[in-house]
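Engineer: The structure is given below, and queries will be raised subsequently.
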Amino acid sequence: MINWIWFFLLGGGITLAAFGNKGAEVTDAILAATGDGVTLVIGLLGLIAFWSGLMEIAELSGLTTALARILRPITSRLFPDVPPEHEAIGAIILSISANILGIGNAATPLGIRAMEKLEELNSSPGTATDAMCTFVALTTSSLTLIPVTVIGLRHAAGSQNPTSIIPPTMIATASSTLAAIITDIVWRRLRRV
């Protein structure tokens, strides 16, 4: 469905440009936008590589295991079906930590790893467990304290104060995460009734 929407948007834009004799302007705009896109991606590569490497170091150094122990009271309530010492908890915490730091690009492979670890505990492979659903709700709501990627984008775009996004981001993502947790808990209870 989304492919058709994009097709009609692009096709409509090109058709209108052709009828309005704006083909050269559209071509110039496309070339400028692709150049800006490449510049932006290259600028963000260093930032993403840094945080991804930091997360890998945290995992290899045992920091995630220590963090899992500290967060055990929270994770045991959110993921009661996952044993507290299982690798899935460490993977979940890594993914959530990446989201908290606002580096969704690093959170994606970590989230895939967490789902693979949760699948190891699944008695019905191929069917989402409660823990998997909770994890998806948490990562989708994405509690973010320091939106590193957004700050980087704002800086690259020439923002006067790229960090001004931090307070609204914290409020919005804390609200969405709280709503996700409440919805997950209510949904689980309703399913069991």
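Each value in this text was obtained by applying a stated rule to the coordinates, not by laboratory testing. These numbers were taken from a predicted model, which means no experiment stands behind them. Virtual Cβ from ideal backbone geometry, glycine too; neighbours counted across all protein chains shown.
Engineer: Based only on other Cβ atoms within 10 Å, what is the fewest-to-most ordering of Ser95, Ser52?
Structural biologist: Going from sparsest to densest Cβ surroundings: Ser52, Ser95.
Engineer: Explain nothing, just the number: relative contact order of the chain, from Cα pairs under 8 Å at least 6 residues apart, as a whole percent. Let's see the in-between values first.
Structural biologist: Working: 161 pairs, mean separation 34.6, N = 193.
Computed value for the chain: 18 percent relative contact order.
Engineer: Sticking with this one: Sorted from largest to smallest, which semi-axis lengths in Å does the alpha carbon gyration tensor of segment 45-192 give for its equivalent ellipsoid, taking the root of 5 times each eigenvalue?
Structural biologist: For segment 45-192, the ellipsoid semi-axes come out as 28, 19, 13 Å.
Engineer: Determine the calculated [θ] at 222 nm for the chain from helices alone, applying -39500 (n - 2.57) to every DSSP H run no shorter than 4 residues and normalising by the residue count; nearest 500 deg cm²/dmol.
Structural biologist: -26000 deg cm²/dmol
Engineer: What nm value, rounded to one decimal, do you get for the distance between Ile74 and Ala49 when each label is placed 7 Å out toward the C-beta?
Structural biologist: Roughly 3.1 nm, to one decimal.
Engineer: Here's something else I'd like to know. Which trypsin sites (Lys or Arg not before Pro) in segment 15-77 pass both tests, a DSSP loop state and at most 16 other beta-carbon atoms within 10 Å? Intermediate results must be reported in sequence, preceding the final value.
Structural biologist: On the way: sites: Lys22, Arg69, Arg77; in loops: Lys22.
Qualifying residues, ordered by number: Lys22.
Engineer: Let me ask another. Fewest Cβ neighbours within 10 Å first, please rank Ile42, Ile151 accordingly. Could you put the intermediate results ahead of the total?
Structural biologist: Numbers: Ile42 10, Ile151 19.
Going from least to most buried by this count: Ile42, Ile151.
Engineer: Counting other beta carbons within 10 Å of each residue's own, what order do Ile89, Ile171 fall into, fewest first?
Structural biologist: Fewest-to-most ranking of Ile89, Ile171: Ile171, Ile89.
Engineer: Give the Rg/Rh ratio for segment 1-101, taking Rg as the radius of gyration of the Cα atoms and Rh as the Kirkwood radius, to two decimals.
Structural biologist: Result: Rg/Rh = 1.30.
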